[in-house]
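One structure is given below, encoded as structure tokens.
Every number in this text was worked out from the coordinates using simple rules, so none of it is lab data. Please read these numbers as outputs of a predicted model, since none were measured by experiment. Don't worry about glycine lacking a Cβ; one is built from the backbone with ideal geometry, like all the others, and counts go over all protein chains shown.
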Amino acid sequence: MEQRVHASGHEHVSAEHTSTFELTSDDWLTPAGDCILGIEADTVPADFDDAFVEACRSHDATITVTLRAEDHEQVIEGRGHPDLTFENDRSMVGRTSDYVDDRTIVVGCDAAAADLDRDFVEALASGANLECVLTVDA
């Protein structure tokens, strides 16, 4: 089961955060947003399919996040959690920790923004289109 999100890069994408990555539906980004990879996301957690959300609400769920921009692809593996709500109507966050709030879409990730390939990050900083494909295996 999968969920797709399309977003846009921005000149302030720095991908320096060491424990999270984020996509937002906001149409702006300041340099302080060092975990944000894309803006103007066309889908937010509150829009996700109910069956997808339910499948993610298990410690046993494996969630794969595939990020594509230009000819670059990054794959981040994480897991689900029973406390995931998918209620946020603005942004989605992947975390290396087990912390959950209404923005969290995956926990226990094997990478954060700072771990991403710098050529990929540069493409996003140049304004490349970003495709995020979330796949859950429950």
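Step through the residues of the range 85-92 one at a time and calculate ³J(HN,Hα) from phi using the Karplus curve (6.51 cos²θ - 1.76 cosθ + 1.60, θ = phi - 60°), rounding each to whole Hz and writing x for Gly and Pro.
9, 6, 9, 5, 10, 9, 8, 9
Using the count of nearby Cβ atoms within 10 Å as a rough guide to exposure, how do Ser25, Ser58 rank from fewest to most?
Fewest-to-most Cβ neighbours within 10 Å comes out as Ser58, Ser25.
Taking amide H positions as placed 1.01 Å from N in the peptide plane, with prolines and chain starts having none, which residues 5 or more places from Leu130, or on another chain, fall under 5 Å of its amide H?
For Leu130, whose amide H was placed from the backbone, the distant partners under 5 Å are Ala7, Ser8, Gly9.
Provide the FRET efficiency to the nearest 0.05 for the Asp137-Asp110 pair, computing r from the beta carbons and using R0 = 25 Å.
0.95
Taking 8 Å as the Cα distance limit and 6 or more residues as the minimum spacing, I'd like the relative contact order of the range 2-137 as a percentage.
Averaging sequence separation for qualifying contacts and normalising by length gives 36 percent for the range 2-137.
Compute a Gaussian network model of the chain, connecting alpha carbons closer than 10 Å, and tell me which residue from Asp71, Asp47, Asp89 fluctuates the most.
Asp71
Given just the C-alpha atoms of the range 77-135, how large is their convex hull per residue in cubic angstrom?
Dividing the Cα hull volume of the range 77-135 by its residues yields 98 Å³.
How large is the dipole of the chain about the Cα centre if only Lys and Arg carry +1 and Asp and Glu carry -1, each at its Cβ, rounded to the nearest 20 debye?
Charge dipole, the chain, about its Cα centre: 200 debye, nearest 20.
What does a probe at Asp49 reach in the range 95-138, counting residues whose amide N is under 17 Å from the point 7 Å along Cα→Cβ?
Counting backbone N atoms under 17 Å from the label point, the list is 132-138.
In the range 66-136, which trypsin sites (Lys or Arg not before Pro) fall in coil by DSSP and have 16 or fewer other Cβ atoms within 10 Å?
Arg90
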